[in-house]
Structure formats: C-alpha cells, structure tokens
1. Ranked highest first by average number of other Cβ atoms within 10 Å, how do 160-170, 232-242 line up?
2. Show the residues, 5+ positions off or on another chain, whose built amide H is closer than 5 Å to the amide H of SER143.
3. As a footprinting exposure proxy, order HIS269, HIS213, HIS205 by other Cβ within 10 Å, with the fewest listed first.
4. For the chain, place one equal point scatterer on every Cα, skip the solvent, and apply the Debye formula. What is log10 of I(q)/I(0) at q = 0.12, 0.15 Å⁻¹?
5. Can you order the peptides 50-58, 191-199 by their average number of other Cβ atoms within 10 Å per residue, highest first?
6. Connecting C-alpha atoms closer than 10 Å in a GNM of the chain, tell me which of VAL82, VAL41, VAL230 has the biggest fluctuation.
7. Choose one of PRO120, ALA211, LEU134: the residue whose Cα lies farthest towards the positive end of the charge dipole of the chain (beta-carbon charges +1 Lys, Arg; -1 Asp, Glu; about the Cα centre).
8. Taking the Cα centre as origin and putting +1 on Lys and Arg beta-carbons and -1 on Asp and Glu beta-carbons, what dipole magnitude results for the chain, to the nearest 20 debye?
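Just so it is clear, none of the values below were taken in a lab; they were calculated from the coordinates. From a predicted model like this one, the values you see are computed outputs, not experimental measurements. Please note: Cβ atoms are built from the backbone with ideal geometry, for glycine as well, and neighbour counts cover all protein chains shown.
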Amino acid sequence: MNEASAPTTTAPGPARPPEGDWLGTPYLRLERQGPVAVVTVDRPEARNAMTPAMYFGVRYAVDRVNADDDLAGLLLTGTGDVFVPGGDLGGDNPDGWADLPRLLGMDNTPFDAIRRSPKPVVCAVNGVAQGGGLVIAMLADVSVASDRATFRAPELLRGIADTYYAQVLPRQVGPARARDMLMTGRTVTAAEAEAWGLVARVVPHDDLLAAAHDALAWCCRTAPDARLAVKRVLDAYYGPYDRMSMDASLAGPEPVEGFRAFAERRSPHWVPEPFRRPGRL
C-alpha cells in the first residue's frame, strides 16, 4: 500500500522499538483521552507518508489498546490536509528501519490488526487517504471523513499487484466501482466515498474530530463479546487474500520501475508513449 511523499528529513534521535505508549517513531503520537487512545499521524514535511516504523507503530497501537484495561477504543487521524497517503516512496528512511517495498506484504502492516481488533477502531479521515490509508479507513469499525477528504488506490500505477485491495475493495463498494478505482487510479471525493460505502459518514471539516469521538463513544457502549462475534462475521465477509501473489509481485521488477518512476517524476516505462504525461501518475 503506497504513495509518494515530498522530500523527507532526518528523524530526531535514534530509532527504538515501540514500548509502552511510545510507538517506535516520532511521527506517530499516542495520547490518552479518558477511556480512549488517539493516534495521530504527524509527518508534515513528508505529507504523512508512512515509513515501515510508522506502519508497525499503528499496528502496535492497536495491540496496545487491546491489552490495556484502561482503554476502551482507538481513534486514528492525521494532520493538516493529509490522513494517510500510503508508504514513503521517496527513498529516505528517517526511522532507520528496513526498506518499505520488502515489508509491504509482511506482518508489520496494521491492516489485519485493525480488521480483527476486539476493541473498536474509528478513523477521523481529515484529508488525503490513499494506498494503505484507504485500506485503514475501509477496515476501521467506523470511518468519519471530512468533506475535504479524498481517496485513491494508485498501486497498479506503481507496479504493485495489491491483492489485499483486490479482495477487500469489491466487497466494500462493489466490483464495478472497485475496478474503476483499481484500474484507473482515479481520485474519489468525500461525497462519492460516502455514497459508495468507502466510509460511513462525511461531516464538515471543522466537525470531524467531534463526530469521530462521538462514533467511537457509541462503539465503546456495545457489549464486548457480542461485538467481537459480529466482527468475526464481518471478517469472514471480506475473506482471505492471495498473499503469495502479492509477495511475488513485490519481489518482481515492476515495483522497482514504479518506485523509480515515482522518484524521478515520470511515467513508468510500461506506459505507451501517447499516454505518458509529465510528472508523477
């Protein structure tokens, strides 16, 4: 799950593993607000592009909330006009963890942890959500989006056979709309996302956090055992994905060219000459 970033800067201090409420990277903040945890993706200099440590940090936060008797749920949001744009394709790795392409199909990503979390996870989608950010928004128990938010699945433009998307997206919005998003990489507005079922609710931007907190509070009022039984049924509805094909794709030559083209702000070489355009796709 990925998308590009602006040039990155060096993270303050050495990287270290997650521990307690520290999520292993300075670009994620976990704050306790009464009975809930709020995780904020905060890497404005790279427009919140996710490093491997950031992806793992979100996963760790889900596990941390589920293990803490003082916390009833998790709210995830971003900063500025970006929620989560996917992985950092810029080449820098300020957190000092292993390279992103090798880890995109691995268990450091938070998608299954969010999908199967016994405690509720709510997203406040404040802006751009694409790549892994769109998957997170789809798999949360409730996603509330700002009317300024946009959504995109650009993986095929990067040379990645994202079989997780191919499995989940048609079940979320139907095959025709899933094909449109996956095969063209088009940007979907907040209004379209609500109408299609990508997200549950769209609210005015200034009301976003209040609406997301209210949704999380209502989730936290539900009975835990009954809620988990319902989540098992929803998990079965999404079904398993073809991880072996995704791993093979990530190890192949197309993502290498896709990432290089992104970094060089050009169309990949597989694009027919008449369809190439200046800048990134």
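1. Working: 160-170: 21.3, 232-242: 11.8.
My ranking of the peptides, most packed first, is 160-170, 232-242.
2. CYS123, ALA200, ARG201
3. HIS269, HIS205, HIS213
4. -0.70, -1.14
5. Values: 50-58: 27.9, 191-199: 18.0.
The packing order, highest mean first, is 50-58, 191-199.
6. Sorting by GNM fluctuation, first place goes to VAL230.
7. It is LEU134.
8. Values: 30 positive and 35 negative charges, 114 e Å.
Computed charge dipole of the chain: roughly 540 debye.
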